[in-house]
Amino acid sequence: MTAPFKIYKSSAGSGKTYTLALDYIALALREPSYYKSILAVTFTNKAMQEMKGRIIEFLDKLAKGEDNTLEEEIVKRTDFDPTDIRVRAGATLSAILHGYSGFAVKTIDSFFQQVLRAFTRELGLQGDFELELDSNKVIEAAIDKLLLDLGKDKDLTNWLVDFVKDRIENDKKYDVKEEIRTLANEIHKEEFGYYQKTLEKLAGKPSIRKFQNKLFQQRNALETEMERRGKEAMQRIENAGFGLDDFSYGKGGVAGFFDKWANGDFAAPGARVLSAADGNGWYKKASPHANAIQQLADDFLQGHLVGMIEYYAENNPKLVSINSILKDFYSFGVILKLLSKIQEYKQEEDILLLADTPPLIREIIGENPTPFIYEKVGTKFQHYLIDEFQDTSALQWENFKPLVTNSIADGSEGLVVGDVKQSIYRWRGGDWKLLLEKVEADIGKGFYEIENLETNWRSLENVIDFNNQLYAVSPDIVKSLVNSPNPENEDIITRAYASAQQTASPKAIKNKNKGAVVIRFFEAEEDENGELNGWKELAKLNLISQLIELQDKGYALKDIALLVRNNSEGNELINYLLNYQAGLEESKYRFDVISKEALAIRDAQVVQCIIHAMSYIHNEDNTISLAALVNTRLRLLTNTDSIWSPSNIDQL
């Protein structure tokens, strides 16, 4: 018997959306209106529209009998023969087009919003609340309200003063508004939502300050005792007439360890210190005081050192914890105050942030039986199909889980599809353990089956081969970087890459062009004039050569994509290519780039030229604007040196 829930594990290009669309259609063909009982969710509007379009397109092809491959896939998934499939596909397509509002392919956020609006009264929300997508706008308003209370709210003022003092003492930036803005970014992270209610209850309570003072007292007691032990050892050394240099390794040895503790630097005992605790390495081999130092160690220092090491082992974890808490304690106080201002602003404006939705949904689903939720929402879904499951966060899955498990208990099918390797980057807060193991545990043994989508339909053979070789060694590389002492973590990493190997599609195998992967590393080197070229400059020159070579082979610019780490590197590369093209008098090669950054008006050289010109006209003593103006014009014109120069700037 086939398990009701499918877990598709995939890699890039393996047809995740294609597979989900086929499974959707296989369910929808049962009855013309059955599509209304299926919910397919993904994460972006673009992906949602793509999925809707794919389903409509497939239904149309099936109804017309135009695609035998599609038909064969549906036959595998159903008990229908090809003729029956064509009739059912046509009826289902007609039903969807005439009842499009019931075509439930949604983003995960839009589905949760639908549930949320059905429970506004239970949550104490106004029925006409607005969803605010711009969280920064709310944060800025809340910060302004917070700063207006400075001097009026004694507790807030004390928190901010202490916060600034702490930043100054630790040589950190103390721009109050900017620092509060940085803290505010934590508020709308999903992890924060787990603790927000608890934190709101703590806001304004005097026990917070009492707890802080208690931590200070505990830290002072621990550090005072450690300092006392260090000073006692140093006092014995000085009384015996010795200094640090008389001991083995001087400052870097056991005597240096005592000295550090005596001066408030509570260093961990290293290999030399541990060796001394065993009775070794107290004096220098050629020391004339070897016997006296060894006697001092035997009489007091060695036993004292053993006591210090034991004290460190017992109390350092506590000291580290206290310091970690106190380090962010002032931030904690400011966040509590900011939270109250955000809540105040949202109530005044009758708005709800998108980030508020998952925690509120958890309250609804956690406290109500599934049938009641369907009754309130007005729609009962029997099948849940979740795309890009690697992007699902722990909280989002906790919200979906009761609905999914309830549908499975009713005998209905469902599925998730995703690439666990992508979720290690935590895009959109995705939790990689969900697809790796948790969804299996939550669904229950015997109720799910796992299918690996191994065929790569997008890439050519050499690219796939390169990826397979890379993923074969990736687990060991990741393990070495993580360096976790926990064997369970190493096992998780191995399993995350277990289904990474792919095979080429039949089309790719037949293709004479097998693709290519070339890796080059660049190091700074001197040119023929003795000037040092950095690796970036060498990489840019190599890129020009590659683009020329590709165009010689017949590739159009639209066939080529350039990927970089960040926007600043992208802008740098765009400017380099455009400037290179501008410097070519006549050439069959092109280097013009299309990107969001390249199309930005502010980056257009003509616009920059006008701005520099206006700045110079406004103030003719502004030599920086003059230089920038000439430089920009030189880039724009072909024969720039003979036309534009500081000597004939009046021509502007």
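Nearest 500 deg cm²/dmol is fine: what mean residue ellipticity at 222 nm does the chain get from its DSSP H runs of n ≥ 4 alone, each adding -39,500 (n - 2.57), divided by its residue count?
Details: 29 runs with 374 residues, N = 652.
Only helices count here, giving -18000 deg cm²/dmol.
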Beyond a 27 Å Cα-Cα separation, which of these cross-linked pairs lie in this structure: K52/K137; K52/K445; K76/K558; K61/K421; K52/K401; K189/K380? K52/K137; K52/K445; K76/K558; K61/K421; K189/K380
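Note the full-extension length gain between F466 and L97 as 0.36 nm times their separation in residues minus their Cα-Cα distance, in nm to one decimal.
Numbers: separation 369, 0.36 × 369 = 132.84 nm, distance 4.40 nm.
That pair, F466 and L97, stretches by 128.4 nm at full extension.
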³J(HN,Hα) across the stretch 401-416 via Karplus (A = 6.51, B = -1.76, C = 1.60, θ = phi - 60°), whole Hz, x for Gly/Pro? 3, x, 5, 5, 5, 5, 5, 5, 4, 7, x, 9, 8, x, 7, 10
Fully extended, how many nm does the chain gain between D621 and Y589 (0.36 nm per residue separation, minus their Cα-Cα distance)? 7.4 nm
Calculated FRET efficiency for the pair T44/E349, C-beta based, R₀ 22 Å, to 0.05: 0.25
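Can you tell me the accessible area per residue over the chain, all protein chains present, probe 1.4 angstrom, in square angstrom? Before the final figure, lay out each step's value.
Numbers: 36640 Å² over 652 residues.
Counting only protein heavy atoms, the per-residue value for the chain is 56 Å².
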Report in % the part of the accessible area of the chain that belongs to carbon and sulfur, leaving out ligands and nucleic acids; probe 1.4 Å. 50 percent
FRET efficiency, T2 to E72 (Cβ-Cβ, R0 25 Å, nearest 0.05): 0.85
I need the calculated FRET efficiency for the pair T379 and D60, taking r as the beta carbon distance and R₀ as 22 Å, to the nearest 0.05. 0.30
Which of the following values of semi-axes √(5λ) of the Cα gyration tensor in Å was calculated from the structure shown: [x] 54, 41, 33; [y] 47, 33, 25; [z] 43, 37, 25? [x]
Charges on Cβ only, +1 for Lys and Arg, -1 for Asp and Glu, centred on the Cα centroid of the chain; of I139, F5, I56, which one is farthest towards the dipole's positive end? F5
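Counting DSSP beta bridges with both partners in the chain, what percentage is antiparallel, nearest 5?
On the way: 3 of 28 bridges.
Looking only at bridges with both residues in the chain, the antiparallel portion is about 10 percent.
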For the residue pair R236 and Q501, what label-to-label distance in nm results when each label sits 7 Å from Cα along the Cα-to-beta-carbon direction? 6.3 nm
Find out how many positive minus negative residues lie around A141, taking Lys and Arg as positive, Asp and Glu as negative, among other residues whose Cβ is under 11 Å from that of A141. -3
Quick check for you: which residues of the stretch 434-466 have the amide N under 18 Å from the point 7 Å beyond the Cα of T494 toward its beta carbon? 436-437
If the cut-off is 23 Å between C-alpha atoms, which lysines fall inside it for K152, apart from same-chain ones fewer than 8 positions away? K165, K177, K201, K205, K210, K337, K341, K346
Nearest 10 degrees, 0 to 90: helix 535-552 Cα axis against the chain principal axis: 20 degrees
Gain upon complete extension [R181, V320; 0.36 nm per residue less C-alpha separation]: 47.3 nm
Treating the angle as unsigned and between 0 and 90°, give the value, to the nearest 10°, between the Cα long axis of helix 82-98 and the longest Cα principal axis of the chain. 70 degrees
What's the angle, to the nearest 10 degrees (0 to 90), between helix 176-187's Cα axis and the longest principal axis of the chain? 50 degrees
Is the stretch 170-312 rounded, prolate or oblate when judged by the Cα gyration tensor, a ≥ b ≥ c being the square roots of its eigenvalues, rounded requiring a/c under 1.5 and prolate requiring a/b larger than b/c? prolate
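Take the Cα pairs of the stretch 244-348, get the Kirkwood Rh, then feed it into Stokes-Einstein at 10 °C and 1.306 mPa s and tell me D in µm²/s.
Numbers: Rh = 16.7 Å.
Estimated diffusion coefficient is 95 µm²/s.
The values are calculated or read from the model by the stated rules, or taken from the named source; none is laboratory data. The structure displayed is predicted, hence computed values, not measured ones. Here the Cβ is made from the backbone with ideal geometry for all residues, glycine too, and neighbour counts use every protein chain on show. Side chains are part of the model used for accessible areas, which takes the heavy atoms of the whole protein and leaves out ligands, DNA and RNA. Shrake-Rupley method; radii C 1.70, N 1.55, O 1.52, S 1.80 Å.
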